[in-house]
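The values are calculated or read from the model by the stated rules, or taken from the named source; none is laboratory data. Model, not experiment: these values are computed from the prediction. Here the Cβ is made from the backbone with ideal geometry for all residues, glycine too, and neighbour counts use every protein chain on show.
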Amino acid sequence: MKSTLLAGALLAFATATSVHAQAIKFADVAELSGGGATVGTNWKNGIDLAIEEINAKGGVLGRKLEVTHADSQSNPGVARAQVQKALDAEPYVLLGPGYSGSVKVTAPLAAEAGIAQIMGGEAAELTQTGNKFLFRTSFGQQSSMPKVAKYIHDDMKAKSVAVVWVNNDFGRGGRDVIVKELDRLGSKVVADLSTEAGQADFAADVGKIKAANPDAVFVYLNEEESARILKELKRQGVTAPLMGETTLIGQKVIELAGDAANGARGHVGLTTDAPVDLIKTFRDKFAKKYNYVPDHNGLKGYLAVYMVKAATEKMGKVDSKAFADTLHGLTIKAADEPGILMDVTFSETGDIDRQSFLVEVVEGKQVVKQVLPKVK
Amino acid sequence: MSNLFDLLVAGLATGAIYALVAVGFTLLWQTSQTINFAQGEFVMLPAFLMLAAMHAGAPFWLAIILGILLSMILLGLAFKLLLVDPMMRHGVLPLAIATMALAIGIKEAVKQFFSAEASPFPSIVPTGDISILGHAVSLQSIGVLVLAIFAVLGLTTLLNRTSLGHQMQAAAQNPTVARIIGVPVERMILLTFLINAFLVALASLLITPIYLAKFSSGEVLGQAAFIAAIVGGFNQVRGAIAGGLLIGVLDNLAASYVSTQYRAAVPLIFLILVILFRPQGLLGRAEERTV
């Protein structure tokens with residue numbers, strides 16, 4: 001009897017360790033503190049939710065998923081060190097970071113290690129360097145800014161535009177594309193204002209906008225700064241319509257800016273308010289688990305994990321080297337993989353094509369005004 | 001021109017808050033030779049104390065009172081008894097370094113117990129505009145300016161017009177003689193710590209609706225107030241007030257007329273000029289110390 005018990009215990013132990021050994025390992029490096037804490041925390045929670053769901057249904061190809069999270073402190077230097085450390089542990093796929101500047105300095109490390117990196121950065125240049133291992137979870141600026149410029153010109157009918165941007169890789173990238181596009185369409189940029197990341201006082205910048213008296217203001221800052229400038233715009237009584245991207249009208253910005261966010265509009269690649277049933281279900285599950293409604297970064301983290309699942313199941317094997325090749329040119333349909341939420345196609349450069357939304361903040365809520373279809 | 005007017009008002013409003021914080025710097029320096037490098041974090045913390053009170057269900061007005069009282073206990077009484085008094089014996093420099101450590105401690109504690117993310121904070125001044133000389137000026141700027149001016153006026157009245165204030169000044173100027181003529185010097189020093197705690201709590205209440213409640217928001221404020229105190233004169237309350245207002249306006253004008261990228265550098269350049277050509281500060285008096 002005693003020996004049977006011992007054998008049973010040994011068997012259980014052996015099974016447990018072998019399952020452990022077979023787990024598919026993800027490494028996540030995200031902005032868990034510092035200026036990008038909102039971005040990173042949502043991203044991390046999205047990843048955790050997706051992994052929990054997939055593991056509850058038996059994992060991928062019968063293997064459980066495991067993730068380790070590391071904090072980049074919203075600092076590219078720290079991100080680089082953390083990514084190097086993560087890559088040394090030979091993960092199946094690298095997730096993150098969310099900030100373009102951090103992605104820019106870490107992408108060469110992942111490429112050198114031959115490990116696919118699925119990230120949240122949106123700067124245009126990231127996917128233009130010929131890196132074969134880098135994948136987006138949201139639109140790059142080269143896909144979204146032309147849509148924004150077109151909306152400012154055609155729908156807002158703005159002949160003069162003030163452009164406010166944050167002086168980092170993300171902000172500069174967006175600014176360069178939109179200024180070129182506005183110029184091409186014939187809307188004049190009457191104020192071109194760079195601001196600093198982490199800037200607290202926007203009185204002078206808003207003063208300049210007021211002096212330029214534009215028909216519309218394009219605001220392209222990180223979340224917290226967006227909230228501060230929205231308050232200052234309201235404080236100084238700027239009435240020109242405000243247009244931005246996801247970072248102007250995200251949930252966190254609405255929470256921080258309060259009333260001042262009302263009326264702001266933005267082009268959004270991903271929003272939890274999208275009129276899509278699968279996204280509504282995601283939003284409910286997320287809110288139930290974490291007690292708050294995620295922003296688009298929560299969606300990005302969630303999608304990143306399901307991208308891995310879909311591509312791995314398509315390959316039929318867990319092969320870190322072949323993974324990137326499989327994802328290039330792949331179309332994942334939400335009908336086949338509900339976790340991907342909307343049909344998506346990955347280009348050879350790692351960019352994505354997906355439907356997107358035009359959103360306005362009405363009484364503290366994101367309201368989708370238009371659905372912009374997938375390009376191809 | 002209207003732009004200049006707006007910039008001046010906004011700059012004065014921010015400057016008034018710098019002034020409140022800078023006054024605290026000079027008070028602590030005068031009475032106890034404490035250079036408090038955690039002053040910025042002292043401004044950040046009360047907002048979180050108020051937020052915590054509100055999360056516990058207190059209405060905003062009660063949270064303000066609780067926040068100010070708690071600040072006076074933690075940042076006034078406890079700061080003096082637990083950090084300044086034991087470190088003071090070792091001299092000015094070890095104490096200054098201890099306050100730097102305290103700054104890091106406060107930041108990390110807020111990050112740990114609250115959140116690394118920014119939180120919104122209600123404003124005690126209603127939003128909206130009023131018209132002054134044909135310019136629309138935001139009520140928030142005016143409210144901040146008025147409240148800060150009242151606080152500073154109240155403080156200068158206390159210092160210059162009351163017996164208590166005279167005793168405090170005596171304790172600051174020459175503790176030995178003050179002791180001989182019967183001034184309770186220790187109590188006066190404690191009082192300046194409590195006043196400093198009150199001022200930073202007030203500054204916190206005024207600035208946080210604009211800057212948002214965030215663990216790192218003290219860094220900018222502490223630096224600006226420190227520069228303001230040196231520029232104005234580290235040993236004069238009125239110097240700190242002038243320095244605060246000047247730095248606030250200078251920062252806004254620099255951002256508008258020089259460049260946003262270099263806005264942070266302009267007050268620093270100004271600081272260097274002051275140190276080179278008028279080391280006692282614009283309104284400070286030259287000071288000699290026996291060693």
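Picking from A:Leu299, A:Leu358, A:Leu270, A:Leu278, which residue would you name as being over 23 Å from A:Ala56 (Cβ atoms), not aromatic (Phe, Trp, Tyr) and not in a loop (DSSP other than H, G, I, E, B)? Full working, then the answer.
On the way: A:Leu299 fails: over 23 Å from A:Ala56 (Cβ atoms); A:Leu270 fails: not in a loop (DSSP other than H, G, I, E, B); A:Leu278 fails: over 23 Å from A:Ala56 (Cβ atoms).
One residue alone meets the criteria, A:Leu358.
Evaluate the following for A:Glu196: is it under 26 Å from the mean Cα position of the chain (by Cα), within 11 Å of chain B (Cβ to nearest Cβ) and closer than 15 Å to A:Ala264 by Cα? Before the answer, list the steps.
Working: under 26 Å from the mean Cα position of the chain (by Cα): yes; within 11 Å of chain B (Cβ to nearest Cβ): yes; closer than 15 Å to A:Ala264 by Cα: no.
The answer is no for A:Glu196.
Can you tell me how many residues in the stretch A:146-164 are in a helix (DSSP H, G or I) and farther than 18 Å from A:Arg136 by Cβ?
Step one: list which residues in the stretch A:146-164 are in a helix (DSSP H, G or I), which gives A:146-154.
Subsequent filtering for residues that are farther than 18 Å from A:Arg136 by Cβ retains A:149-154.
Residues in the stretch A:146-164 being in a helix (DSSP H, G or I) and farther than 18 Å from A:Arg136 by Cβ: 6 in total.
For residues that are of a type in the set (S, T, N, Q) and free of Cβ contacts under 8 Å to residues at least 12 places away in the same chain, tally how many sit in the stretch A:284-318.
As a first pass, look at the stretch A:284-318 and keep what is of a type in the set (S, T, N, Q): A:291, A:297, A:312.
After this cut, where a residue has to be free of Cβ contacts under 8 Å to residues at least 12 places away in the same chain as well, the list is A:291.
Matching residues across the stretch A:284-318 total 1.
Consider only pairs whose beta carbons are under 8 Å apart and that are at least six residues apart or on different chains; among these, list those whose first residue lies in the stretch B:77-100 and is assigned to a helix (DSSP H, G or I) and buried (at least 18 other Cβ atoms within 10 Å of the Cβ) and whose second residue is at pLDDT below 90 and of a type in the set (A, V, I, L, M).
B:Leu95/B:Met88
Taking the stretch A:57-75 as the region of interest, how many residues are without any contact (Cβ under 8 Å) to a residue 40 or more places away in the chain and either crowded, with 19+ Cβ neighbours inside 10 Å or charged (D, E, K, R) (or both)?
1
To keep it simple, each residue is scored yes or no on (1) modelled with pLDDT under 95; (2) under 17 Å from A:Phe170 (Cα atoms); (3) within 12 Å of another protein chain (Cβ to nearest Cβ); (4) not in a loop (DSSP other than H, G, I, E, B).
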site	(1), (2), (3), (4)
A:Asp28	no, no, no, yes
A:Gly34	yes, yes, yes, no
A:Ala50	no, no, no, yes
A:Glu53	no, no, no, yes
A:Gly58	yes, no, no, no
A:His69	no, no, no, yes
A:Ala79	no, yes, no, yes
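Based on this model, can you work out whether A:Gly269 counts as touching a residue at least 60 places away in the same chain (Cβ under 8 Å), crowded, with 24+ Cβ neighbours inside 10 Å, more than 14 Å from chain B (Cβ to nearest Cβ) and touching a strand residue (DSSP E or B) at 6+ places or on another chain (Cβ under 7 Å)? Explain how you work it out, then say what you get.
Numbers: touching a residue at least 60 places away in the same chain (Cβ under 8 Å): yes; crowded, with 24+ Cβ neighbours inside 10 Å: yes; more than 14 Å from chain B (Cβ to nearest Cβ): yes; touching a strand residue (DSSP E or B) at 6+ places or on another chain (Cβ under 7 Å): yes.
So A:Gly269 passes the test.
Can you tell me which of (1) within 11 Å of chain A (Cβ to nearest Cβ); (2) part of a helix (DSSP H, G or I) is the one B:Gly243 doesn't meet?
Only one criterion is unmet by B:Gly243, namely (1).
When residues of the stretch B:113-134 are filtered for being over 22 Å from the mean Cα position of the chain (by Cα) and more than 10 Å from chain A (Cβ to nearest Cβ), how many remain?
Here is the first cut: in the stretch B:113-134, the ones over 22 Å from the mean Cα position of the chain (by Cα) are B:113-117, B:126-134.
Right, trim to more than 10 Å from chain A (Cβ to nearest Cβ) and you get B:113-114, B:126, B:130-134.
Residues in the stretch B:113-134 being over 22 Å from the mean Cα position of the chain (by Cα) and more than 10 Å from chain A (Cβ to nearest Cβ): 8 in total.
Taking A:Val148 as the residue in question, decide whether it is at pLDDT 95 or above and not charged (D, E, K, R). Steps first, please.
On the way: at pLDDT 95 or above: no; not charged (D, E, K, R): yes.
No: the conditions fail for A:Val148.
Residues in the stretch B:255-291 that are in contact with a Ser or Thr (Cβ under 8 Å, 6 or more places away or on another chain) and at pLDDT 85 or above: how many?
First, pick out the residues of the stretch B:255-291 that are in contact with a Ser or Thr (Cβ under 8 Å, 6 or more places away or on another chain): B:260-261.
In the following step, the residues that additionally are at pLDDT 85 or above were identified as none.
Number of matching residues: 0.
Taking into account only those residues within the stretch B:200-233 that are in contact with a Ser or Thr (Cβ under 6 Å, 6 or more places away or on another chain) and modelled with pLDDT of 90 or more, which is nearest to B:Leu77 (Cα to Cα)? Quick ask: steps written out before the conclusion?
We begin by selecting, within the stretch B:200-233, every residue in contact with a Ser or Thr (Cβ under 6 Å, 6 or more places away or on another chain); these are B:201, B:209, B:211, B:213, B:229.
Those left that are additionally modelled with pLDDT of 90 or more: B:201, B:213, B:229.
On the way: B:Ala201: 14, B:Ala213: 24, B:Ala229: 23 Å.
Restricting to residues being in contact with a Ser or Thr (Cβ under 6 Å, 6 or more places away or on another chain) and modelled with pLDDT of 90 or more, the top hit is B:Ala201.
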